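Colleague: Sharing a structure below in structure tokens format, with a few things to ask.
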Amino acid sequence: MIKEKHFISYRVNFYLRHYIRKILRFLLNIIYIKIRFNKRFHCKCIFEGYDIMILCDGSVFCVCGDFGMEKPLGNIYRNSITEIWKGTEFERLRAAFRKNKLPLDYCSHCIGAALIPKNAPLPQTADFPEVVHLETTVQCNLECSFCHRDVIESQRGSKILPPKIVFQLIDEIIAHRCSKFLLLVGYGEPFLDKNSYEYCKYLKQHFPEIIIGSSSNAIPFSHYENARKLVESGIDALVLSIDGVDDKTYLRYQVGGDLEKALQGMKNIIQARRETGSFAPNIIWQYLLFNWSDKQPMIDKAIALAKEYQVDILHFLPTFSPISGISWKYIFKPYWGMIYRFCGPEREYNPHNRALIVEMKQ
Ligand SMILES: C[S@@+](CC[C@H](N)C(=O)[O-])C[C@H]1O[C@@H](n2cnc3c(N)ncnc32)[C@H](O)[C@@H]1O
Ligand code: SF4
Ligand code: SF4
């Protein structure tokens, strides 16, 4: 197996992150409960509905995260989204926040966690989640060396959600009409599920106001007909993960991939968009910055390619995972210094970092 080469550092990385979170949560709970700073914990996801995550075995979590180690809060094979959202497991988490406690290890670095003034009331629970994250499949055509997909895949009861269940979920979203985003992404390649195009099309036909976003390694779109189906599905935004501009650096992380096919996939989508006269999907090329892919000539080449292909946004994203791959040059730089936008504001949208696109560089 391709990952054997990295096996020890891979497992160390996975469990190290897990135990760091445990320790951090323990310390944060002590600091804010015992020492009683002027602030208290709040969670934007479980109260205001900023995120709910549904995985391909039907299990439901409170946020898009490293769910490998947390307990599910429900399963959509047994209950509707509404029943789970208002059910006992979500309520157990809310009760912990009401007591000013972080209930899960993942809370210690979760995008949903926030601090509010000590005496401020926690908001009412939203009727239905504003953002629904849906992983229809955990299968993938790549083995990115520190994507924890294989550990996570082994924990999933099934690898793909059946269309009957997905359409049921989509119908529930349509009936409520209050979700703003559907993010079709999890730990897998969403467009290996051939039904993904139909899911987007159906949802957009019945609820055009919703914004649908996803993330892909771009290889499925090296076949032009897939790029065309994508554009015709009505999806609003797509992150394309291509982490290098030469075979050596790209393959160091995106093991099993093919840079030429990934770039061709990106080109095809933009060509299909042009041919159909469509503005959508907004294309965000996401380039993970590691210490082997952060050299200036590589960055310059990515910018030149993005301009040539006419992608809308090029996002260089530094990451802490793996620890051995950290780009020390960039890890502490603010994100917005590294986002290059080539489109007008009407296309500005990034499903992963909705609030972070603030600067335009040409
Ligand atoms: C798990 S992937 C699933 C979607 C799709 N297969 C893809 O690669 O875009 C979702 C996101 O995780 C990001 N990702 C993968 N490995 C990462 C890492 N080590 N650090 C930060 N983000 C990572 C990818 O760039 C992608 O945007
Ligand atoms: S992990 Fe914690 S902070 Fe994050 S959404 Fe869940 S309960 Fe909220
Ligand atoms: S393509 Fe996406 S899901 Fe597949 S291994 Fe890479 S990061 Fe993980």
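Nothing in this text is a laboratory measurement; each read-out follows from the coordinates by a stated rule. As the structure is a computational prediction, the values presented were derived from the model and not from experiment. Heads up, the Cβs are rebuilt from the backbone with ideal geometry, glycines too, and the neighbour counts pull from every protein chain shown.
Colleague: Name the residue farthest towards the positive end of the dipole of the range 141-253 from the options Tyr199, Ile212, Ala175, assuming +1 on Cβ of Lys and Arg, -1 on Cβ of Asp and Glu, about the Cα centre.
Modeller: Selected residue: Ala175.
Colleague: Jot down the radius of gyration and Dmax of the chain, Cα atoms only, both in angstrom.
Modeller: 20.3, 62
Colleague: Oh, and also: What ³J(HN,Hα) values, in whole Hz, does the Karplus curve 6.51 cos²θ - 1.76 cosθ + 1.60 give for the range 191-199 when θ = phi - 60°, with x put for Gly and Pro?
Modeller: Going residue by residue, I get 8, 7, 7, 4, 7, 4, 4, 5, 4 Hz, with x marking Gly and Pro.
Colleague: Hey, another quick one. Test of understanding: what is the full-extension gain from Arg78 to Lys118, defined as 0.36 nm times their sequence separation minus their Cα-Cα distance?
Modeller: Gain on stretching Arg78 to Lys118: 10.6 nm.
Colleague: Residue by residue through the range 323-333, what is 3J(HN,Hα) from phi via Karplus (6.51 cos²θ - 1.76 cosθ + 1.60, θ = phi - 60°)? Round to whole Hz and write x for glycine and proline.
Modeller: Each residue of the range 323-333 in turn: 4, 5, x, 4, 8, 5, 5, 10, 4, 9, 7 Hz.
Colleague: Give the peptides 115-125, 269-279, 222-232 in descending order of average Cβ contacts within 10 Å, highest first.
Modeller: For the peptides 115-125, 269-279, 222-232, the packing ranking is 222-232, 269-279, 115-125.
Colleague: Determine the relative contact order of the range 198-309: mean sequence separation of Cα pairs under 8 Å and six or more apart, normalised by residue count, in whole percent.
Modeller: With pairs under 8 Å counted, the relative contact order is 31 percent.
Colleague: Counting only residues 5 or more places away or on other chains, whose amide H sits under 5 Å from the amide H of Cys144 once H atoms are built in the peptide plane?
Modeller: Under 5 Å from the amide H of Cys144: Val255.
Colleague: Any idea how many Lys pairs in the range 198-317 come in under 19 angstrom at the alpha carbon, given 8 or more places apart or on separate chains?
Modeller: Taking the range 198-317 as the scope, the lysine pair count is 12.
Colleague: Using the basic label-point model (7 angstrom from Cα toward the beta carbon), what is the Glu209 to Phe332 distance in nanometres?
Modeller: 4.5
Colleague: If each of Glu275 and Trp292 carries a label point 7 Å out from its Cα toward its Cβ, how far apart are those two points in nm?
Modeller: Result: 3.6 nm between the two label points.
Colleague: Please list the non-local residues whose amide H lies under 5 Å from the amide H of Ser241, H modeled 1.01 Å from N, same-chain partners needing a gap of 5 or more.
Modeller: Counting only residues 5 or more places away or on other chains, the set is Ser216, Asn217, Ala218, Gln286.
Colleague: 5 Å is the cut-off here: which amide hydrogens, built 1.01 Å from N in the peptide plane, fall below it relative to Arg40, excluding neighbours closer than 5 in sequence?
Modeller: Here the answer is Ile116, Lys118, since their amide H atoms fall under 5 Å of that of Arg40.
Colleague: Across the range 286-293, in residue order, what do the Karplus-derived ³J(HN,Hα) couplings come to in whole Hz, using 6.51 cos²θ - 1.76 cosθ + 1.60 with θ = phi - 60° and x for Gly and Pro?
Modeller: 9, 10, 6, 9, 10, 5, 9, 10
Colleague: Further, regarding this structure: Report relative contact order for the chain in percent, whole number only (criteria: Cα-Cα under 8 Å, sequence separation at least 6).
Modeller: RCO, the chain: 13 percent.
Colleague: I'd like the Kirkwood hydrodynamic radius of the range 150-282, using the inverse of the mean 1/r over distinct C-alpha pairs, in Å.
Modeller: Averaging 1/r across every pair of different Cα atoms and inverting gives 15.8 Å.
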